[in-house]
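Here is the structure we will look at, set down as structure tokens.
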Amino acid sequence: MTTHLSVTTTDTLLQYLAAQQRRILGILEGLSDDALRRPVLPSGWTCAGMVHHLMVGTRFWFVEVMTGVRVEPGVDDDFHVPASVPAVSVLDAYRQVTAQATAAVRELPLDTPPAWWPEGVFGDWRMDNFLEVLQHVLVETACHAGHLDAARELLDGRTWDWEHGRLADPR
């Protein structure tokens with residue numbers, strides 16, 4: 001199937017993704033290491049762990065799947081951030097890795113098939129082109145940004161203010 005969408009479409013989708021990535025960093029702005037590591041929902045994930053998961057996922061889909069460049073061995077739990085790693089360094093790594101991953105795919109035509117696929121990992125499910133991968137990363141990032149917004153509200157009552165592009169104080 002050939003996708004008849006333009007580079008402008010790619011740029012637009014990547015801009016939406018970048019906005020969600022900035023939102024994630026904004027949501028977590030000013031939280032202490034302790035707060036970034038504190039689970040606030042019954043499933044036990046932490047804000048630092050969620051950002052690590054998003055970083056690993058973005059690199060996996062854009063760099064490994066779409067360009068075929070294997071970056072590192074897979075991790076068993078990409079939500080885990082070792083105690084020896086400062087939580088703020090996870091945020092810094094997220095900024096760097098997402099920028100590098102985006103740069104790796106920015107010029108790909110949307111109908112480009114994956115250069116590599118992790119056979120046996122997802123059962124019969126498969127994405128066929130860059131458009132599907134980009135949409136997947138965008139949806140996952142936006143979904144998890146919402147999770148982080150809820151976590152931030154539980155931590156200190158602050159939420160993301162879309163109108164002003166910043167954290168809002170509790171009402």
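Overview of values
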| quantity | calculated |
| --- | --- |
| The lone exception for residue 78 - which of (1) under 27 Å from residue 167 (Cα atoms); (2) at pLDDT 95 or above; (3) under 15 Å from the mean Cα position of the chain (by Cα) it fails | (2) |
| Residue 111 vs. criteria at pLDDT 95 or above, in contact with a Phe, Trp or Tyr (Cβ under 6 Å, 6 or more places away or on another chain) and of a type in the set (Asp, Glu) | no |
| Which listed residue is in contact (Cβ under 8 Å) with a residue 40 or more places away in the chain and of a type in the set (Val, Ile, Thr), from 85, 90 | 90 |
| Qualifying positions in the stretch 92-150 - part of a helix (DSSP H, G or I) and more than 28 Å from residue 28 (Cα to Cα) | 130, 131, 132 |
| In the stretch 88-132, the residues that are surrounded by 13 or more Cβ atoms within 10 Å (Cβ to Cβ) and in contact with a Gly (Cβ under 9 Å, 6 or more places away or on another chain) | 90, 114, 115, 116 |
| Hits in the stretch 151-171 (condition: of a type in the set (D, E, K, R), over 10 Å from residue 28 (Cα atoms) and part of a helix (DSSP H, G or I)) | 153, 156 |
| Residue check, residue 65 in contact (Cβ under 8 Å) with a residue 24 or more places away in the chain, under 18 Å from residue 151 (Cβ atoms) and either surrounded by fewer than 20 Cβ atoms within 10 Å (Cβ to Cβ) or among the aliphatic types (A, V, I, L, M) (or both) | no |
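The values are calculated or read from the model by the stated rules, or taken from the named source; none is laboratory data. Everything quoted here is computed from the prediction, not taken from an experiment. Don't worry about glycine lacking a Cβ; one is built from the backbone with ideal geometry, like all the others, and counts go over all protein chains shown.
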